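Remarks on the structure that follows.
Where a number appears in this text, it was derived from the coordinates with a stated rule and is not lab data. Just so it is clear, the structure is predicted and the values come from calculations on it, not from any experiment. Neighbour counts are summed over all protein chains in view; Cβ atoms, including those assigned to glycine, are modelled from backbone coordinates with ideal geometry.
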Amino acid sequence: MFKILKYSFYDLMRSRWSYVYFLFYLLLGLMLLFLNNALSNAVITMMNVIIVLVPLIGTIFGVMYYYSSREFTELLLAQPIKRSSIFLGQYFGVASSLAMSLVIGLGIPFVFYGIFNSSAIWDFSLLLVTGVFLTFIFTALAFVIALFNENKIKGFGYAILLWLFMAVIYDAIFLISLLYFQEYPLDKFSLVATLFNPIDLSRVLILLKLDISALLGYTGAVFQKFFGTNFGLVIASIALLFWVIIPTFFIWRIAKKKDF
Amino acid sequence: MIEVKDLYKKFGKNEVLKGIDLTIDRGGIFSILGPNGSGKTTLIKCVLGMVLQDSGQIFINGESLKNHFKYRNEIDYLPQIANFPGNLKVKELVAMLKDLRNTKTTKDEELIALFNLEPFLNKKLVNLSGGTKQKVNLVLTFMFDSPLIILDEPTNGLDPISHLRLKNLIKAEKEKGKTILITSHILSFVEEVSDEIVFLLEGKIYFKGSINELKTKTAQPDFEHAIASILSSSYV
């Protein structure tokens, strides 16, 4: 598996898109720091961008990589390599190269700005960790979708829909249901509903860490009580981890049964 | 060497293989023929484990293929369409495959010289012409010294000189006692190199034997007419 990972990783590292992605984060980081003048404010703005954009890029890159490396995959399938190693290797290759662009691209401007001497270091690290998680989650979901669909256009369509659902529609449904059932106690429901969307989960996690949960009102208090504690943090991390493990398991399973 | 028992495969509603029974002994050149869509490539891909059969069994050297992958160390496969990751250079692709197979002793340099590929070694694969890609494909296939070689349409896009060299290469490999499986539509090529042919028709084996036996069976004077007579009787 590690050989495949290595080759997928190198293949991506020399493609133009990783540089574009890297430069984009570099510019974003620099711009936000200049505009905000304060590290903690920049971190909040950054969160809003990361939470929407990282899943989108992960989804698109995952689907695109799968379809464009089909020939490579077929070449590998005829070699004495386990099927699961081929697909898991490719997945980890894509996801880790994306994660690297993100971490380095955002890291450089913040390091130069003096993040290591600032109290915002933990917030910033949490931001990067959730960004990496989101990359792995959405790349895995994209691979699952691509493995299911032979047709590229369909695969792309479903992948974008998935992103749209997680980033926008889920919240809308969530909000509407909160309004609709406002007479009932909703704290448990909203806690659970948050766990079922990695984007929401990451957002809540960062907001709570930034100690601005007061902005969230009553629910914020409930969330603070749950996610703000170490126990909540552990639960949230485990939930994010499951969001990586479950799609990865599906990649493994579908790849095992697929014809090429 | 290869034993296929009662192999069935369908893609959706399209039944491609309908009960293939085939035994291929060690040593010799076997050609798999058949009209378009008769299941040649599917059969080969089943042997390679790229397509998973619905039912039936395949054995290579007496071992069932199920849940195995190491047996592919014994196989060199030339895919039908030569498509490679475009970002790589020819040299890097060769090195990568060697690394993936964990072998250092290969004949790549010899083969690169044979097909005049030196000028292309530092070019990216995406910039190569179809015929050159096919030559690279051939180098990648023949550079490992495996006892079983599977060639899917090996003559695709080759110029006459390379075609000739390929024929000599195949014959030389046969002399070493290897088993070579070929699918091709070029009948003159098949007639020249094969020891035995397997004719697939609508997912079943219609005929297996030498070219002379086929001529006798169809009562035709030459190989081309023999094949044509099978095809025309099936098209009616």
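Report, in degrees rounded to the nearest 10, the 0 to 90 angle that the Cα long axis of helix A:2-13 makes with the longest principal axis of chain A.
Between the helix axis and the principal axis of chain A, the angle is about 70 degrees.
Can you tell me which lysines have their Cα less than 19 Å from the Cα of residue B:204? Leave out same-chain residues fewer than eight positions away.
Cα-Cα hits under 19 Å: B:5, B:9, B:10, B:13, B:18, B:40, B:45, B:217.
What is the distance in Å between the Cα centroid of region B:172-214 and that of region B:5-19?
22
I'd like the distance between the alpha-carbon centres of region B:72-134 and region A:1-55, rounded to an integer number of Å.
The distance from the Cα centre of region B:72-134 to that of region A:1-55 comes to 34 Å.
How many angstrom separate the Cα center of region A:239-253 from the Cα center of region A:77-121?
First find each Cα centre; the distance between them is then 17 Å.
Work out the mean other chain Cβ neighbour count within 10 Å for the residues of B:112-118 and drop it here as an integer. Can you show the working numbers first?
Working: counts 0, 0, 0, 0, 0, 0, 0.
Average per residue, whole number: 0.
Be a star and scan region B:20-50 for residues whose amide nitrogen sits under 16 Å from the point 7 Å along the Cα-to-Cβ vector of residue B:6.
Counting backbone N atoms under 16 Å from the label point, the list is B:20-23.
Using mean Cβ contacts within 10 Å as the protection proxy, how do A:15-26, B:33-44, B:85-96 order, highest first?
On the way: A:15-26: 15.9, B:33-44: 20.8, B:85-96: 18.8.
Ranking, from highest mean packing down: B:33-44, B:85-96, A:15-26.
Assign unit charges at the C-beta atoms only (+1 for Lys and Arg, -1 for Asp and Glu), then state the dipole size of chain A relative to its Cα centre in Debye, rounded to the nearest 20. Intermediate results must be reported in sequence, preceding the final value.
Working: 17 positive and 11 negative charges, 175 e Å.
The dipole magnitude comes to about 840 debye.
Within 10 Å of each Cβ in A:6-13, how many Cβ atoms from other chains are there, averaged over the peptide? Show your work: numbers first, answer last.
Details: counts 2, 6, 1, 0, 4, 6, 1, 1.
The shielding value for this peptide is 3.
Run the numbers on chain B and let me know its relative contact order in percent, using alpha-carbon pairs under 8 Å that are six or more apart.
Numbers: 382 pairs, mean separation 63.9, N = 236.
In percent, rounded to a whole number, it is 27.
Just to be sure I follow the rule: in region A:2-257, considering lysines 8 or more places apart or on different chains, how many pairs have Cα atoms under 20 Å apart?
Numbers: A:3/A:82; A:3/A:256; A:6/A:82; A:82/A:256; A:82/A:257; A:152/A:257; A:188/A:225; A:209/A:225.
Final tally of qualifying lysine pairs is 8.
If we count other beta carbons within 10 Å of each Cβ, what is the order of A:137, B:186, A:86, fewest first? It would help to have the intermediate numbers written out before the result.
Details: A:137 29, B:186 13, A:86 21.
By the 10 Å Cβ count, ascending: B:186, A:86, A:137.
With angles folded into 0 to 90 degrees, how steeply does helix A:152-164 sit against the dominant principal axis of chain A? Use alpha carbons for both and round to 10.
Rounded to the nearest ten degrees, it is 10.
Rank the residues A:203, A:70, B:72 as a footprinting-exposure proxy: fewest other Cβ atoms within 10 Å of their Cβ go first. Please report the intermediate quantities before stating the final value.
On the way: A:203 19, A:70 15, B:72 23.
Fewest to most other Cβ atoms nearby, the residues stand as A:70, A:203, B:72.
Residue by residue through A:78-88, how many Cβ atoms from other chains fall within 10 Å of the Cβ on average?
Working: counts 14, 11, 12, 6, 4, 4, 1, 1, 1, 0, 0.
Taking all residues of A:78-88 together, the mean is 5.
Take B:54, A:200 and order them by how many other Cβ atoms sit within 10 Å, fewest up front. Walk me through the intermediate numbers first.
On the way: B:54 13, A:200 19.
Ascending number of Cβ neighbours within 10 Å: B:54, A:200.
Over region B:67-135, how many pairs of lysines fall under 15 Å by alpha carbon, counting only those 8 or more apart in sequence or from different chains?
17
Name the residue from B:23, B:140, B:198 whose Cα lies farthest towards the positive end of the charge dipole of chain B, charges +1 on Cβ of Lys and Arg and -1 on Cβ of Asp and Glu.
B:140
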